[in-house]
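Structure first, then comments.
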Amino acid sequence: MNRKDTIKCIEIMQAYVDGADIECRVDGGAWRSASAPIWDHVLTYRIKPTARDFWISDESEIYDHEEYENMAECERDGLFLVREVLDSE
């Protein structure tokens, strides 16, 4: 393992210590929850991605979900709520 890979592993392990959900897979297979990771060198690990909610205008401007208080305010300003869909890749 080189220095860059070691840094990435440490980041994932620290995220686990901090309470993040971790996933693992073997040889490019499907990602699976690793609720108690064994940190096996045969597996690939990652921090489980989280979907984002955001508002987008008809002019393709993007706003954080927290910037608007309610749906009526967003509809008045011509914004559309978008929920990101995460692929398992």
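Bear in mind these aren't lab numbers, they're just calculated from the coordinates by the rules spelled out. Please read all numbers here as calculations on a predicted model, not as lab measurements. Here the Cβ is made from the backbone with ideal geometry for all residues, glycine too, and neighbour counts use every protein chain on show.
What residues have an amide H closer than 5 Å to that of Trp39, excluding those fewer than 5 places away on the same chain, when H is modeled at 1.01 Å from N in the peptide plane?
It is none; the list stays empty.
Would you pull out the residues with amide H under 5 Å of Asp21's amide H, same chain only if 5 or more places away, H placed 1.01 Å from N?
Lys48
How big is the charge dipole of segment 3-47 about its Cα centre, in debye rounded to the nearest 20, if each Lys and Arg gets +1 on its Cβ and each Asp and Glu gets -1 on its Cβ?
Values: 6 positive and 7 negative charges, 30 e Å.
Here the size comes out at about 140 debye.
Between Val42 and Glu11, what length in nm is gained on full extension when 0.36 nm per residue of separation is reduced by their alpha carbon distance? The partial results should precede the final answer.
Numbers: separation 31, 0.36 × 31 = 11.16 nm, distance 1.80 nm.
In short, 9.4 nm is gained.
What does the C-alpha gyration tensor say about the overall shape of segment 3-47? Classify as rounded when a/c is under 1.5, otherwise prolate if a/b is larger than b/c, or oblate.
On the way: a/c = 1.96, a/b = 1.13, b/c = 1.74.
It is oblate, given that a/c is not under 1.5 and a/b is not larger than b/c.
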